[in-house]
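Shown next, in structure tokens, is the structure this report addresses.
The values are calculated or read from the model by the stated rules, or taken from the named source; none is laboratory data. Keep in mind that this is a model prediction, so the values were computed, not measured. Counting neighbours? That spans all protein chains shown, and the Cβs are built from the backbone with ideal geometry, glycine included.
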Amino acid sequence: MKDLIEAVSADHARIRRLLADMTSAADAAPVIRDRALHRLSIADSRHEVAEEQYLWPVVRDAVIEGAELARTGLGQEQRVKRELHDLEGGRVAPEDLVAAVASLSGAFSEHLALEENVVVPRLREALSQEQLDDFGRSYRAARRGAPSRPRPRTPPVPGLLRASSRVLGPLDRVRDLLTGRSW
């Protein structure tokens with residue numbers, strides 16, 4: 001069983017690997033690039049929805065200066081979602097692709113550094129192991145049912161995300177299956 005911090009850290013490790021794959025594929029054949037982008041987008045979309053439902057509310061409520069940390073982290077997540085959405089939606093010109101992937105990589109790095117270097121240590125101080133375990137279970141369940149596509153216009157409101165995930169999660173999985181977009 002993974003507690004909240006372990007689950008988030010495992011996601012970060014996976015996202016880093018997928019981001020490295022995407023960076024390597026930025027100037028590769030479109031089929032290779034698209035597969036790398038889809039895998040990264042799916043992993044990050046599910047991760048961010050789960051964080052927005054469980055990690056950031058806990059940070060806001062339990063950590064010193066948690067409201068400011070949550071605001072900063074959520075803002076960083078919105079930037080990543082917008083950039084993924086633009087890349088996946090074909091809104092980036094082919095000649096700008098390498099620069100867009102570099103920008104995305106920088107946005108990810110900044111966000112992961114905030115969570116790993118500031119948020120995680122403060123969570124360890126603020127929560128008991130039992131609380132971390134409980135939030136870890138909730139986080140993992142939210143990630144499993146979360147949508148697999150970035151939605152930068154959806155506000156990061158936990159109740160709204162829980163409700164929309166019940167509809168958008170299965171809908172995205174069907175769309176992914178029909179279009180061949182997969183892990």
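Note on the range 73-91: residues that are surrounded by 12 or more Cβ atoms within 10 Å (Cβ to Cβ) and closer than 27 Å to T179 by Cα amount to 13.
The rows are residues; the columns are (1) surrounded by 16 or more Cβ atoms within 10 Å (Cβ to Cβ); (2) farther than 23 Å from A146 by Cα.
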{"site": "A25", "(1), (2)": "yes, yes"}
{"site": "I32", "(1), (2)": "no, yes"}
{"site": "R46", "(1), (2)": "yes, no"}
{"site": "A67", "(1), (2)": "no, yes"}
{"site": "A70", "(1), (2)": "yes, no"}
{"site": "A93", "(1), (2)": "no, yes"}
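Given the options A50, A99, A70, name the one that is at pLDDT below 95, assigned to a helix (DSSP H, G or I) and either out of contact with any Cys (no Cβ under 9 Å at 6 or more places or on another chain) or charged (D, E, K, R) (or both). Don't jump to the end; show me each part of the working.
On the way: A50 fails: at pLDDT below 95; A70 fails: at pLDDT below 95.
Just one listed residue meets the conditions, A99.
Annotation note: Cβ proximity below 8 Å between a residue of the range 61-74 that is closer than 16 Å to N117 by Cα and a residue that is among the small types (G, A, S) (sequence gap 6+ or interchain) occurs for V63/A126; I64/A126. Based on this model, can you work out whether I64 counts as assigned to a helix (DSSP H, G or I) and more than 17 Å from L161 (Cα to Cα)? Taking the combined requirement at face value, the residue does not satisfy it. Screening I5 against (1) over 24 Å from Q131 (Cβ atoms); (2) β-branched (V, I, T); (3) surrounded by 15 or more Cβ atoms within 10 Å (Cβ to Cβ) leaves a single unmet condition, (1). In the range 172-183, of all residues being surrounded by fewer than 14 Cβ atoms within 10 Å (Cβ to Cβ) and part of a helix (DSSP H, G or I), the one that is modelled with the lowest pLDDT corresponds to T179.
The listed residues are S138, S165, S148, and the only one of them that is of a type in the set (S, T, N, Q) and modelled with pLDDT of 95 or more turns out to be S138.
Looking only at the range 140-166, how many residues end up being part of a helix (DSSP H, G or I) and not hydrophobic (A, V, I, L, M, F, W, C)? Please lay out each step first, then the result.
Initially, the range 140-166 is screened for residues part of a helix (DSSP H, G or I), giving 140-145, 158-166.
Among the residues that remain, those that are also not hydrophobic (A, V, I, L, M, F, W, C) are: 140, 143-145, 158-159, 162, 164-166.
Number satisfying all stated conditions: 10.
If you filter the range 143-161 down to residues that are charged (D, E, K, R) and surrounded by fewer than 16 Cβ atoms within 10 Å (Cβ to Cβ), you find that the one that is nearest to G180 (Cα to Cα) is R144. Taken together, the residues in the range 123-139 that are free of Cβ contacts under 8 Å to residues at least 12 places away in the same chain and not in a helix (DSSP H, G or I) amount to 1.
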